[in-house]
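Worksheet: one structure, shown below.
Derivation of every value follows stated rules applied to the coordinates shown; laboratory data play no part. Treat the numbers as computed from the prediction; the structure is a model and nothing was measured. Neighbour counts are summed over all protein chains in view; Cβ atoms, including those assigned to glycine, are modelled from backbone coordinates with ideal geometry.
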Amino acid sequence: MSEQPSFTLDGRRIPFRDGQTVMAAALAAGVYIPHLCFNPEFAPHGSCRVCLVKVNGRVQAACTTPAAAGQLVQSEIEELREIRRGILQMLFVEGNHVCPACEKSGACQLQAVAYYVGMLAPHYTHFYPRRSVDASHPEAVIDFNRCILCELCVRASREVDGKNIFAVRGRGINARLVVNTPSGKLGATDFSVGDKAAQVCPTGAILLKHHGYEIPIGQRLYDRKPINVVGDVAQLSESRGGRRHD
Amino acid sequence: MAESSTLAQTIREIVQRHGGMSTRLLQILREVQDHFTWLPPETLDQVAEALGVSPDKVRNVAEFYSFLYTEPRGFYDILFSDNITDRMLGSRELLHYLCERLDMEINTTRADGLVSVGTTSCTGMCDQGPAALVNGYALTRLDKPRLDRIVDLVNSRTPLTEWPREFFEVTSNIRRADILLGRHFADGAALRAVLKRGPEAILEEMVKSGLRGQGGAGFKSAAKWISCRGAPGDVKYVVCNADEGEPGTFKDRVLMQDFADLVFEGMTLCGRVIGARQGFVYLRGEYRYLLEALKATLLRRREVGLLGEAILGDPGFQFDIDIHMGAGAYVCGEESALIESLEGKHGVPRIRPPFPTTHGYLNKPTVVNNVETFAAAAKIAVEGGAWFASRGTAESKGTKLLSLSGDCERPGIYEYPFGVTVRRVLEDCGARDAQGIQMAGPAGHMISARQFDRRICFEDLATGGSFMVFDQSRDILDGIRNFTHFFVHESCGFCTPCRVGTSLMRDLVTKVHTGHGTRADLEEMRKLGRIMQVACHCGLGQTAPNPVLDSLDQFPESWERRLRSTAYEPAFDLNAALEEARRLTGRDDPGAYLSGQDLLIGAMP
Ligand SMILES: Cc1cc2nc3c(=O)[nH]c(=O)nc-3n(C[C@H](O)[C@H](O)[C@H](O)COP(=O)(O)O)c2cc1C
Ligand code: SF4
Ligand code: SF4
Ligand code: FES
């Protein structure tokens, strides 16, 4: 039997299977590379750009770069941390993220990744876009202010739930998440809390009603341990403070 | 209801004319809009139903392309080309003038619904501007007398077909011809060559020629064709990239207008070499005026046996070409976004790898080449690779078409062997007083007079063809600011650093340009630019900060003199106090702002 091919990530040897990306292989080996639009249950998207790593000296998205034998991958270097910080800051000023007023605070992947890359302040000038909140559904609320356009809900609804409830529409800075009904209201769809789309949002944009503040602030998922130790909220079961139904 | 049933009927007919194919969605929406002046929601639903696709897919496309309107639009839709070269020719003043004469605001539709006036990215008429589009058709050489007549034509509701022909005249302005534009080409010669000598021999000539992609990236064309020819699969495609969205570029327009046979011949040759039976031309929406003539050329080629079944009488040689129109999206020039658009979708660049040569149109192996590349390939098949390679430099063989515009006496198309110096080009076009050149469009490089001895070739200054001259009277920052607006408008919005970064960059540049910036803002621009260059998903975002970064290096004084006085910080902000006056007079030019120097002098006792 020949030895499994591998690449090097920050000095560690990471084995991979044919067809795996750098991200997937690192995750399987238990090494964290920060990410937002990537979710191991879905095909890579490559849009948030948080997972940038250096592959043989070139900056590339870990979630879309095929792993290859002998690659030299760097992730935890200051140059990349600075870029990632910049990207997180862009996401924070693009939307309206008022963490102290958000139910998701402490169990929010966006917030946790921001801490992880050392983002202390949004730095750039806020765009303060005018966006709405949709509470028309009996069991869920969408706060468009917090959407980072990762399209995970879009993909989950289309590919797993078979409902095609969400879409991203418009171009450039006008791109926005919409609900696929003439009224644009979630209440007019067959969205349900059991849907995969209800579990994947990395921010507080899709929240379930009747579950507010069940876990007090200070005892939440990322309050005591960072995301590289705890993992993604969407990948953890509800019993462990995550969002995934078992 | 009679009305809605005619609407449904009209849409069914349009969809049927396109064979009910969802890959034709963008083409269908363009035609539906031609019919209704915009795309009311019920038309989108009807299109979805007639095509059997989800309404959401149709809406995604309708909301992506800037020439598709999901809000009511005037019967006459006038869009001024907003490239910096149009502005140099006075387009802003003309835009204000037209709106005044039509008694309306910019970027609105007049209350009677008759006319809309706005701006659009460069329409590729830089050598004959100021330019605009009316209902998608190019208007050139605008001036006040012409606009006066347009006002009358609009107010009298005169159909476009009755407008004076000279308003729509597009000239080619070929100022210098070399082997591509200068030598006669006998239609069919390249196809006879490939039938006689076989695809391998032609590929050998291509290798020998050293031909590199003329769209700007400079990938070896032979390598691309060989890779696609070797890719597994029976169905393959040839795509001609005639999107030409780079502001300041118009050489593909001239090739499509005067040398369409040569381009089609190059595509057909490629089809034979790689084993494809179908080709597409992706023609930018701004070149709508060329469509009928191009279709006529295709028809003629079919009639004389140069296209279609049994080309040149060989039953094994089949190839046909279809023309797809774009609809105002620069990003669709990026080859994978272009393929998405060809498939009838909105144009977001794909994840690469895989590359089009193995997974292109409908996931089949596809060659995407620039218009000029196909034209050169046809010539090489006839004249041989050595002939082509005798021109140019070690790494850049053959010639390059340059689109010259801006401050020069003879704007137009110049064909040079690769390796020509910037200085030589400036002399030839009559640019006596050049301060700087924007090479290869806003995504390319801004160079100053210190660099005019550099050479145009892949080893030094690579270019897709755009060459915009700024003379000493210009404020370089006017150009830079214009480019940052262009990128905000054209970002597809898929990835964070481009979607958000282009807006941040525009705001920083505006802040400094209007005299409100400090040294820290310049550093901030550099930092943001470096992030965008490496972090963006596609070439659009990666190159968007180039003009800002280059000008910071090449024209530091242009930036510095805009900074707030660092020596003296007035407690009373005169500039801010003038803001209201600027708003009232509609002025936003640098002269309407006080510089740090003015403030210092004003503050002296
Ligand atoms: C944002 C963007 C816009 C582009 N626009 C064009 C274009 O208008 N025409 C073109 O030929 N290539 C354009 N390209 C380059 C294409 O992706 C591709 O490299 C080219 O069409 C390949 O043809 P070539 O090898 O013959 O140059 C663009 C690339 C990017 C990133
Ligand atoms: S709502 Fe959440 S999951 Fe959906 S696109 Fe926005 S951030 Fe992503
Ligand atoms: S860089 Fe990103 S947002 Fe910009 S055009 Fe390319 S994919 Fe779209
Ligand atoms: S996680 Fe890789 S780009 Fe978003």
Checklist entry - Within a Cβ distance under 13 Å of B:V235, other residues only, what is the Lys/Arg minus Asp/Glu net charge? => result +2
Item to check | Sequence-separation-based contact order of chain A, relative, with Cα cut under 8 Å and 6+ spacing, percent | outcome: 17
Checklist entry - Measuring from label point to label point, each 7 Å out along Cα→Cβ, what is the A:S183 to B:E71 span in nm? => result 2.5
Item to check | Structure-based [θ]222 nm, chain A - -39500 (n - 2.57) summed over DSSP H runs of at least 4, per residue, nearest 500 | outcome: -4500 deg cm²/dmol
Checklist outcome for this item: So, over other residues within a Cβ distance under 10 Å of B:R350, counting Lys, Arg +1 and Asp, Glu -1, the net charge is -2
Item to check | Charge dipole (debye, nearest 20) of chain B; +1 at Cβ of Lys and Arg, -1 at Cβ of Asp and Glu | outcome: 1600
Item to check | Magnitude of the charge dipole, the range B:239-382, Cβ model with Lys/Arg +1 and Asp/Glu -1, debye to 20 | outcome: 200
Checklist outcome for this item: Expressed as a whole-number percentage, the relative contact order of chain B with C-alpha contacts under 8 angstrom and at least six residues apart is 13
Checklist entry - Quick one: net charge of B:D178's neighbours, Cβ under 10 Å, K/R +1, D/E -1? => result +3
Checklist entry - Where both residues lie in the protein assembly as shown, what percent of DSSP beta bridges are antiparallel, nearest 5? => result 60
Checklist outcome for this item: Within the range B:497-565, DSSP-loop trypsin sites (Lys or Arg not before Pro) with at most 16 other C-beta atoms within 10 Å are B:R561
Checklist outcome for this item: Within the set A:A188, A:A140, A:A114, GNM on chain A using Cα springs under 10 Å gives the largest fluctuation to A:A188
Checklist entry - chain A: longest stretch without exposed GluC sites (Glu not before Pro) (DSSP loop, at most 12 other Cβ within 10 Å), sites themselves excluded? => result A:4-213
Checklist entry - What is the magnitude of the charge dipole of the range B:76-171 about its Cα centre, with +1 placed on the Cβ of each Lys and Arg, -1 on the Cβ of each Asp and Glu, and no other charges, expressed in debye to the nearest 20? => result 60
Next on the checklist: If you scale each eigenvalue of the Cα gyration tensor by 5 and take the root, what three semi-axes come out for the protein assembly as shown, rounded to whole angstrom and sorted largest first?
Outcome noted: 42, 35, 31
Next on the checklist: If you filter the range A:188-246 for chymotrypsin sites (Phe, Trp or Tyr not before Pro), then keep DSSP loop positions with at most 16 other Cβ within 10 Å, what is left?
Outcome noted: A:Y213
Checklist outcome for this item: Summing -39500 (n - 2.57) over every DSSP H run of at least 4 in chain B, dividing by its residue total and rounding to the nearest 500, the 222 nm mean residue ellipticity is -12500 deg cm²/dmol
Checklist entry - Can you list the equivalent-ellipsoid semi-axes of the range A:37-188, largest first and in whole Å, using the square root of 5 times each Cα gyration tensor eigenvalue? => result 29, 20, 13
Checklist entry - Can you tell which of A:A26, A:V98, A:N39 lies farthest toward the positive end of the dipole of chain A, using +1 and -1 charges on the Cβ of basic and acidic side chains (Lys, Arg; Asp, Glu)? => result A:V98
Next on the checklist: Explain nothing, just the number: relative contact order of the range B:182-267, from Cα pairs under 8 Å at least 6 residues apart, as a whole percent.
Outcome noted: 29
Checklist entry - Among the lysines, which have Cα under 26 Å from the Cα of B:K511 when same-chain residues fewer than 8 positions away are ignored? => result B:K527
